[in-house]
Structures are given as structure tokens and as C-alpha cells.
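Quick notes on the structure that follows.
Laboratory data are not the source of any read-out in this text; all were calculated from the coordinates shown. Nothing here was measured: the structure is a model prediction, and the numbers come from that model. Here the Cβ positions follow ideal geometry from the backbone for every residue, glycine too, while neighbour counts run over all protein chains shown.
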Amino acid sequence: MTVKRLNDMLKKETKLPRSVESYIRAINAGDAVELHSSFAHDAVVKDVGREFRGAEAIKEWADREIFAVKVALEVMGVAERDGQTVVTVKIEGTFDRTGLPDPLLMDHCFMVVGGKIATLICRLTGEP
């Protein structure tokens, strides 16, 4: 997704918290420093059943699961549900797609506290 398209979506959709917008931009730009700065120090990421707690664990997860396989996100929709910002994305990258749906659509469910991502839950779109 281009920055212009993201900006156009943000004007039409639910306004994203700054840290969530930073997370998406950082992934698409391959900017690990910006991505890590969008999380609270004691944040938790739950990625398809796996849990990563704290800055160091999240850094290792992002380096391995996002940056090493050149993940790119295309925002498909944004909603507010149960106090969370839910961003539905189409995911591209060089990762193994065995057993994954095509296209790969995931919901990224963000809880932001104090301007930083406190919790991120990543799950296939349509899963509870």
C-alpha cells in the first residue's frame, strides 16, 4: 500500500491512534526502530496463538516474523470494537504460505494506552 492510499483511507475511516499508524507505516517502510517505538515497554503481542511479552520479545518477534520476510500490509478496513482499534490487513511477504488462505487477511486488534500499543492481537480475519 502506498503512503497516499493509507492517508486517503485514514481520512475516510476511523481515525487511527498515532502509534497504530506508526506501526503500519514502519512495517511497510521496513523501519524496525519506528515499529519498536510504537509499543509500550511492557506490551504484549499475541500472534495466531503465540504470545510475546515485553520490548525484547516483541523486537525478536518483529525481526523474525515481519522484517526478515519483508512483510507488507495493505489496510482493507478499520473499526472500533470493544475498546480496541481493529485494522484488517492484506499481508504480502516472502514467508511460507503453506496452509494459509489466499489472499491472507488478518485482523490486527490494538489496545493503546498512553499513546503506545499496549496489546496487539493478530488473528486470521473471521476468527474469534
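With a ≥ b ≥ c the root eigenvalues of the C-alpha gyration tensor of the chain, is it rounded (a/c under 1.5), prolate (a/b larger than b/c) or oblate? Cα axes put the chain in the rounded bin. For the chain, the relative contact order is 25 percent, taking Cα pairs closer than 8 Å that sit 6 or more residues apart in sequence and dividing their mean separation by the residue count. For region 30-128, chymotrypsin sites (Phe, Trp or Tyr not before Pro) meeting the loop criterion (DSSP other than H, G, I, E, B) and having at most 15 other Cβ atoms within 10 Å: Phe95. Computed from backbone phi, the HN-Hα couplings of region 67-74 come to 6, 5, 10, 6, 5, 10, 10, 10 Hz, rounded to whole numbers (Karplus: 6.51 cos²θ - 1.76 cosθ + 1.60, θ = phi - 60°; Gly and Pro given as x).
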